[in-house]
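The structure appears right after this line, and notes come after that.
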Amino acid sequence: MKEADEMIITRVLNGERDAYAVLVDRYKDRVFSLVRGIVKERHVAEEVAQDVFVKAYISLKKFRKESGFSTWLYRIAYNTAVSQTRKKKYLYRSFDEELEMTDSYDAEPGKEVEESRQKLLTRALLELSAEDKLILMLYYFEEKPVEEISRSTALSVSNVKVKLFRIRKKLKIIMERLGKTVPVIY
Amino acid sequence: MEKNDKLIKDLLKEGFLSEAPAGFTDKVMNAVAETEKGKVRVPAFLSYFLLITGSVVVAIGSIYFTNKELLFQYYEGIRTFFNGVFVSSFHVVSNSFSFVNGAQATFFAGIILIIVLLLLLDKLAFKGRREMNLFI
C-alpha cells in the first residue's frame, strides 16, 4: 500500500532525507509537465522542475497540512515556472513556433485518428495560460475539490468555477477551430 | 467527477503529461544533499555557552541596578574566581611557552582554550547524536 505523503514528510523531517526521493518519484512527471507547459523549453523545464523539488525540501518545515502536499507542491512549481518566464522572456516560444514543432509528430499506422486528436489537444493546451494549466492539474489529475483549488490559487471559489468552465469551453473551441473533422469530445 | 470531466482527464493524460527525464530523482537528491552541506550549524554547546554567559551578564546587570552594595560586596570574590578559572585552564601551556606578561596572556588564552574544548566536545556529541538519529 502506498505510503501517504504526510507520513513520508514526517520521516523526512525526522532526519530520513532519502525518504524524500519517494515524493520526488511520485510527483516528478506531473511537476515536470506543469513546468514544461509554462516554460516550454525542455531543458529549462528540467532545471526548473529540479529547483521546485529542492525549494519544497528546504521549505518542508513550513508546510501546513491544511491543503494536500501535491497542491502545495504544484503551487511552488507554478510560481517558480512563472518567475522563470519573467526572467528569461526569450525562452518563451510563440504559439506558432510550438505549432511547427508539433507538426513533426508522426502517427503510427492504424492509430491516425486517435493520434490526430492527441496532437490537436496538445496544440489546444499550448494556448492555455499558466494559471489555467495549474487549475487543470489540480482539478483533473489530483481531483482536488474546487474549495482547495481556491485556497491554493488565492482565487475565490466562484472564480475557480468560472475558470474551469472557460477552460472546457476554450478547449472545445480551439479543437473545433484547429480540426473540424476531429470528433468533438463533448 | 462528471462524465465529461473524465473524458477530458483521459485525453489530458495523453496530451498534457510528459515523463520527467531519466535520472531526475537522482539529480534532485544530489541537489538536496548539496543544500544540506551548505547549512552552517551552530554547535549546541556554543549556544549553551552563550546562553550561560548572557544569563550571567543579565544577572549581574540586574543586581547592579537593584542593589549595588551587594554587587560590590562580592565583586572581588567573583572577579578572582573567574580570573582563576581562565588562568588555571591554560596554566600548563603558558609555563611551557614562557609567555611574557604571563597573567594577561594566559587569561585570554584560557578563554580561547575553553571555547575550543567546547567546540570539540560538541562535535563529538553531534556525531553521536546523528548516528543515533536523534537530532536533538
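Where a number appears in this text, it was derived from the coordinates with a stated rule and is not lab data. Computed from a prediction, not measured in an experiment: that's the story for all the values here. Glycine also receives a Cβ, built like all others from the backbone with ideal geometry; neighbour counts cover every protein chain displayed.
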Fill in: When each of A:Lys40/B:Lys6; A:Lys144/B:Lys13; A:Lys61/B:Lys123 is checked by Cα-Cα distance, pairs over 18 Å
A:Lys40/B:Lys6; A:Lys61/B:Lys123
Item to complete: Return the average number of partner chain Cβ atoms within 10 angstrom of each residue Cβ along peptide B:29-35.
Response: 5
Worksheet, complete the sentence: Least to most buried among A:Leu128, B:Leu51, by other C-beta atoms within 10 Å and fewest first, runs B:Leu51, A:Leu128
Worksheet item: By per-residue mean of other Cβ atoms within 10 Å, what is the highest-first order of A:148-158, A:50-60?
Response: A:50-60, A:148-158
Discussion item. Between A:His43 and B:Ser18, what is the label-point separation in nm under the 7 Å Cα-to-beta-carbon projection?
Written reply: 1.4 nm
Worksheet item: Do the alpha carbons of any pairs in A:Lys28/A:Lys169; A:Lys133/B:Lys9; A:Lys65/A:Lys161 sit beyond 21 Å of each other, and which pairs?
Response: A:Lys28/A:Lys169; A:Lys65/A:Lys161
Worksheet item: How many partner chain Cβ atoms sit within 10 Å of a residue's Cβ in peptide A:21-33, on average, as a whole number?
Response: 4
Worksheet, complete the sentence: Which residues qualify? For A:Ser67, with a placed amide H closer than 5 Å and at least 5 residues away or on another chain, they are none
Worksheet item: Can you give the average number of partner chain beta-carbon atoms within 10 Å of each beta-carbon in peptide A:47-56, as a whole number?
Response: 4
